[in-house]
Every structure is written in C-alpha cells, then in structure tokens.
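Participant: I'd like to ask some things about the structure below.
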Amino acid sequence: MIKIKKHLSLKPLVAAFKKIIGRSHQDDRRKNSVDYNVVDTVLSVLACMFYKAGSLLRYQRMLEKKIHRNNLKTQFGVDTIPSDNQIRSIIASTTPEQYAPIFKHCHNALQRAKYLKKFSFLNKYLVAIDATQYFESNTIHCSACLTQTMRNGTISYSHKALQPIICHPDQKQILPMMPEPIENTDGQTKQDCEINAAKRLMPKLRDQHSQLKFIWLADSLYATAPFIQEILDQGEDYIFRVKQGDHPSLFKHLKTANYNSHRTVSDKHTIAYRWYENVPLNNSTNISTTVIEAFAIKNHKDGSKSSTRIGVWITNLDVNHYTIVPITAAARARWKVENQCFNALKNYGYELGHNWGHVNGESFIFYIIIMLAFYFHQIFELTDQLYQLCRKICVTYKELWDDLLGLFKLMVFSSWEAMLLYCIKHNGCDPPQIIYE
Ligand SMILES: [Zn+2]
C-alpha cells in the first residue's frame with residue numbers, strides 16, 4: 001500500500017499552474033486582444049521540460065489523430081496542442097511575474113503537508129543564492145543579452161540568472177524559489193550584474209515569503225558592508241564565504257587573533273573548527289563578524305597527518321561548541337545550488353543551456369519553466385512514494401526517464417500515477433495499491 005499526498009501529486013500541481021497562468025493571462029489578453037491559447041502552450045512546454053523531450057508534442061498529435069486521446073490532455077490538461085511555430089512567440093508574450101506565484105504555491109503545498117519543516121534550520125530557512133549562465137553565443141543575440149568584448153574583438157553574448165534555493169545540509173532535495181534574470185534592459189548603458197540582480201531579488205523574496213525567516217548563504221561577492229547591513233537591518237542572518245583576495249584585512253586580522261576551537265573525530269577523518277569573534281569585516285566599516293575556519297585532518301598509515309582547509313566563512317549567527325558543527329554544515333550546503341541544481345539542469349537531460357528561444361526575451365521564460373519542471377521532480381523525490389518506488393525499480397535516473405518518456409509518447413494513460421504503475425509492472429514488479437491522503 002502506497003500513500004500519495006493529494007496536494008503534491010502531478011494533477012493538483014499542474015492544476016495550480018494552469019489556474020495561475022490562466023488568471024494572470026486574462027488581464028493581459030484584454031490589453032493585447034490576442035487570440036491564442038497561451039495556457040495550452042505554456043502547459044505543453046512544461047510537459048516537454050517535465051519529460052525532457054522537445055519531440056513530445058509530435059507524438060501527442062499522432063495519438064490524438066489515431067485514438068482521439070493524448071497524454072498532454074490527461075496529465076497536463078492541454079485542450080489544444082499548439083503548433084511548433086507558434087510556441088516561441090506565445091511563450092514570449094508571457095512575463096516572468098506570471099510564474100512567481102507558482103513557486104509560492106509549491107512552497108505552500110509543501111508547508112501544508114509538513115515537508116517544509118524538514119528544511120528548518122535553527123527555526124529558520126537556509127536560502128542559497130548563486131548565478132548561472134544558461135546561454136552563450138558569438139552570433140545569436142537579443143536586446144536582453146549581456147555582452148562582453150573578448151580580447152580578439154569578438155563579442156560574447158550571454159544570458160544569466162540569479163537562482164535562490166531553500167536547502168538543508170541533511171536533505172538531498174532542494175526547493176527552488178523564483179529566479180531573477182541578469183540581463184540588460186532597453187536604454188541601459190551599463191551591463192547588468194549579479195550584485196544588482198541580488199539587490200532586486202532579495203526584497204522580492206521577502207515579499208513573496210513574508211513568513212519565512214531567512215539565513216542567506218552566498219559567495220564572497222556578497223560579503224560586503226552594504227549587503228550585510230541590509231540583512232541585519234531586516235533582522236535576518238547570513239553565512240557568507242570569504243576569500244583572501246576579497247578580504248585582505250580580515251585575513252590579516254586572523255593571523256594574530258584569539259580563537260575558539262572544536263573537533264569532530266570519525267574513522268576516516270577529523271574535522272577541526274576554529275572560530276574568531278568580533279572580527280572587523282574591513283577597514284572602512286564598523287561591521288564586525290564571526291569568522292569560521294574548518295580543516296579536514298587526514299590520518300595516514302605511517303602515522304603522519306595532513307590538513308586541508310575546507311573553507312572560511314563569516315556569520316552573525318551565535319557560534320559556540322554546540323552550534324559550530326551544524327553552522328559549518330549549513331555553510332557548506334551552499335554548494336547544493338551548484339551541485340544539485342545547476343549541474344542537474346545542465347547535465348541530466350533538462351538542457352538548460354539549449355537555445356530554447358532568443359528573440360523577444362523568451363529565453364528567461366524557458367529558464368523559469370525548466371526550473372518549475374525540476375521543482376515538480378524535486379517534490380516527487382521528496383514526497384511521492386509511488387515515484388520513489390518506480391525510480392528504485394528502474395535503477396538509474398536515466399532509465400526511469402527513458403521508460404517514462406517512451407510510455408508517454410506511445411500509449412495514453414488516464415493519469416501520471418496510472419503510467420507509473422504500468423512502468424512498475426512493465427519492469428517485472430507487482431504494482432502496489434495506492435491511496436490518496
Ligand atoms: Zn539574448
């Protein structure tokens with residue numbers, strides 16, 4: 001017997017997506033008096049990203065022609081399958097703001113089902129922010145592209161996004177939040193950059209998640225007086241990485257400062273922690289901070305030891321013998337945005353770096369829809385026992401999605417769950433009984 005969370009299975013997630021896009025688009029439609037089905041198009045693109053296959057629509061058209069049913073309708077609620085040549089311009093007619101409430105909806109659904117709690121850290125939430133470049137070309141470009149003139153005179157065009165995620169050192173999954181584009185706007189003379197994007201993003205996140213208490217995790221780039229002051233003024237916390245090159249006076253201070261220490265010992269290695277209190281951030285502000293330094297100490301067979309510095313971070317959290325280990329683990333969880341998020345999106349079939357559309361600013365909308373498809377997968381990995389069983393039976397992630405895509409293309413199922421049950425049976429296992437709760 002397998003229990004499926006009623007609010008967190010594909011059908012309600014897609015229904016919420018459809019409702020939010022439909023509602024926000026109604027106003028838009030009145031303004032533009034356009035007559036095409038934006039909602040069907042956006043849902044069809046979501047399905048392509050969900051199954052990581054651009055060719056998916058062609059097969060659904062064939063199924064519709066042959067048996068008058070298709071999976072885009074049964075799983076994604078698409079009434080009319082859009083034609084390929086309409087998709088980019090229709091996607092470009094939507095705005096990033098239309099998608100922000102979908103991230104919030106997923107967040108609330110996880111909270112209601114008590115999954116968000118698993119991510120709680122010191123009664124707050126760790127939000128890691130990092131930028132990624134998802135498009136680059138020397139020839140293809142649009143007005144929103146970031147440009148960089150290379151040494152040989154060629155111009156490199158790119159798109160970047162600043163991605164926030166909720167993470168936790170003990171949780172394998174991550175929860176994406178609404179991203180912010182790093183891009184140029186009309187009439188702008190200076191290139192947009194990560195820091196400016198962060199200045200736009202952080203107030204939006206506070207607005208969207210007013211109940212959430214943030215602990216910001218970020219790179220050395222953010223470890224500056226204005227950022228830290230803003231976070232402290234908001235009553236929030238931070239754990240930022242610091243680097244010698246960016247913070248010379250802080251590192252100089254550590255050489256002679258007193259510190260507290262702690263160590264954890266396991267069979268394989270020892271981790272040594274040091275923390276320094278009231279360290280001036282730099283010479284030009286009066287902000288002082290706590291610096292954490294962690295080292296991995298390896299015991300060699302010949303009895304000798306070697307030590308490698310794992311990292312150096314600054315924080316305003318209360319560091320002591322009880323909190324040093326979890327706070328350092330939280331600092332290191334920042335890597336999840338790179339490892340679990342960007343790496344998956346670029347290397348596990350999501351094709352984040354593909355040129356999905358590049359004329360009227362649709363590039364970032366495709367990025368958002370990919371991120372939402374990825375979010376749905378993270379929710380299933382976290383909450384859906386049927387999906388988890390199916391994944392276990394298929395052994396690898398690639399085999400699972402190859403199987404599911406094959407089934408989606410060639411047969412029609414009444415629901416996502418019906419397809420997973422078939423997949424389990426098809427792989428030689430007894431399909432379990434399911435109940436919705
Ligand atoms: Zn562009």
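Participant: Given the conditions (1) within 16 Å of the ligand (Cβ to nearest atom); (2) assigned to a loop (DSSP other than H, G, I, E, B), and given that K190 satisfies all but one, which numbered condition is not satisfied?
Facilitator: (1)
Participant: So, K255, is that one under 22 Å from A296 (Cα atoms) and part of a loop (DSSP other than H, G, I, E, B) or not? Break it down stepwise before answering.
Facilitator: On the way: under 22 Å from A296 (Cα atoms): yes; part of a loop (DSSP other than H, G, I, E, B): no.
Answer is no for this residue.
Participant: Still on this model: If we scan the range 354-365, do we find a residue that is over 27 Å from D40 (Cβ atoms) and without any contact (Cβ under 8 Å) to a residue 40 or more places away in the chain?
Facilitator: no
Participant: Another question about this same structure. Looking at A113, A128, A92 in this structure, which one is within 16 Å of the ligand (Cβ to nearest atom), surrounded by 14 or more Cβ atoms within 10 Å (Cβ to Cβ) and not polar (S, T, N, Q)?
Facilitator: A92
Participant: If N108 passes every condition in (1) more than 16 Å from the ligand (Cβ to nearest atom); (2) in contact with a Leu (Cβ under 8 Å, 6 or more places away or on another chain) but one, which one does it miss?
Facilitator: For N108, the exception is condition (2).
Participant: Within the range 376-396, can one find any residue that is farther than 27 Å from P179 by Cβ and either among the hydroxyl-bearing types (S, T, Y) or in contact with a Pro (Cβ under 6 Å, 6 or more places away or on another chain) (or both)?
Facilitator: Checking the range 376-396: at least one residue is farther than 27 Å from P179 by Cβ and either among the hydroxyl-bearing types (S, T, Y) or in contact with a Pro (Cβ under 6 Å, 6 or more places away or on another chain) (or both).
Participant: Restricting to the range 281-291, name every residue that is more than 11 Å from I228 (Cβ to Cβ) and within 33 Å of the chain's Cα centre (by Cα).
Facilitator: Passing the criteria: T290, V291.
Participant: Which ones in the range 159-186 are surrounded by fewer than 17 Cβ atoms within 10 Å (Cβ to Cβ) and within 16 Å of the ligand (Cβ to nearest atom)?
Facilitator: If the condition is that a residue be surrounded by fewer than 17 Cβ atoms within 10 Å (Cβ to Cβ) and within 16 Å of the ligand (Cβ to nearest atom), then T185, D186 are the ones that fit.
Participant: Separate question: Looking for something closer than 23 Å to N339 by Cβ, assigned to a helix (DSSP H, G or I) and of a type in the set (D, E) - is there at least one such residue anywhere in the range 379-394?
Facilitator: yes
Participant: Within the range 374-382, does at least one residue satisfy the condition of being surrounded by 17 or more Cβ atoms within 10 Å (Cβ to Cβ) and within 27 Å of H141 (Cβ to Cβ)?
Facilitator: Yes; the residues of the range 374-382 include at least one that is surrounded by 17 or more Cβ atoms within 10 Å (Cβ to Cβ) and within 27 Å of H141 (Cβ to Cβ).
Participant: Mind listing whichever residues of the range 324-378 are aliphatic (A, V, I, L, M) and over 15 Å from the mean Cα position of the chain (by Cα)?
Facilitator: I324, V325, I327, A329, A330, A331, V359
Participant: While we're here: Can you name the condition, by its number, that I102 falls short on among (1) under 30 Å from Y436 (Cβ atoms); (2) within 16 Å of the ligand (Cβ to nearest atom)?
Facilitator: So I102 meets the others, but not (2).
Participant: Restricted to the range 131-158, and to residues that are more than 29 Å from I239 (Cβ to Cβ), assigned to a strand (DSSP E or B) and of a type outside the set (S, T, Y), which residue is nearest to the ligand (Cβ to nearest atom)?
Facilitator: F135
Participant: Another question, if that's okay. Have a look at N355, N282, N286 and point out the one that is assigned to a loop (DSSP other than H, G, I, E, B) and touching a His at 6+ places or on another chain (Cβ under 8 Å).
Facilitator: N282
Yes/no per residue for (1) of a type in the set (D, E, K, R); (2) touching a Leu at 6+ places or on another chain (Cβ under 8 Å):
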| position | (1), (2) |
| --- | --- |
| L175 | no, yes |
| D186 | yes, no |
| A198 | no, yes |
| K204 | yes, no |
| Q229 | no, no |
| K243 | yes, no |
| H247 | no, yes |
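Participant: To continue, here is another question. If we scan the range 360-376, do we find a residue that is in a loop (DSSP other than H, G, I, E, B) and within 16 Å of the ligand (Cβ to nearest atom)? Steps first, please.
Facilitator: Residues of the range 360-376 that are in a loop (DSSP other than H, G, I, E, B), as a first pass: 360-361.
Narrowing further to those that are within 16 Å of the ligand (Cβ to nearest atom): 360-361.
The answer is yes; a qualifying residue exists.
Participant: Kindly indicate which of I228, I215 is more than 28 Å from A109 (Cβ to Cβ) and at pLDDT 95 or above.
Facilitator: None of the other options fit; the residue is I228.
The values are calculated or read from the model by the stated rules, or taken from the named source; none is laboratory data. Because the structure is a prediction, the values reported are computed rather than measured. FYI the Cβ positions are ideal-geometry reconstructions off the backbone, even for glycines, and counts take in every protein chain you see.
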